[in-house]
Amino acid sequence: MLATNAWVGGYELDLVLRRGRTVVFCEVKSKGGEGLGDPLEMVTVEKQRRITQAAAAWLAEHPEHAGLEVRLDVLGVSAGRVEHLRQAF
């Protein structure tokens, strides 16, 4: 784990992780129970743009991670279930 709740570029990154040669920016969304909708729906195109902008700013501040693969993951937590969405930038 490289960072949690990191504010950079005016936006928050929930988790910044490194696994091997990949830096993962992970957005975590949760909803309180069934019937409240899918938490993954909360990650809109605009939210993805903001995460991407924050990730770029974080990487600029941490040049030691230059050259590594970068990925955006989203974890949705609802009714005790975790759903993982994995996306490449």
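The values are calculated or read from the model by the stated rules, or taken from the named source; none is laboratory data. What you see is a predicted model, and the numbers here were worked out from it, not measured in a lab. Virtual Cβ from ideal backbone geometry, glycine too; neighbours counted across all protein chains shown.
A compact table of results
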{"quantity": "Some residue of the stretch 57-68 being surrounded by 10 or more Cβ atoms within 10 Å (Cβ to Cβ) and at pLDDT below 90", "calculated": "no"}
{"quantity": "Subset of the stretch 15-32 (residues that are on the phi < 0 side of the Ramachandran plot, surrounded by fewer than 17 Cβ atoms within 10 Å (Cβ to Cβ) and not hydrophobic (A, V, I, L, M, F, W, C))", "calculated": "18, 19, 21, 22, 30, 32"}
{"quantity": "Failed item, numbered, when residue 71 is tested on (1) crowded, with 16+ Cβ neighbours inside 10 Å; (2) part of a helix (DSSP H, G or I); (3) not small (Gly, Ala, Ser)", "calculated": "(2)"}
{"quantity": "Residues located in the stretch 50-82, provided they are among the charged types (D, E, K, R) and under 11 Å from the mean Cα position of the chain (by Cα)", "calculated": "50, 71, 73"}
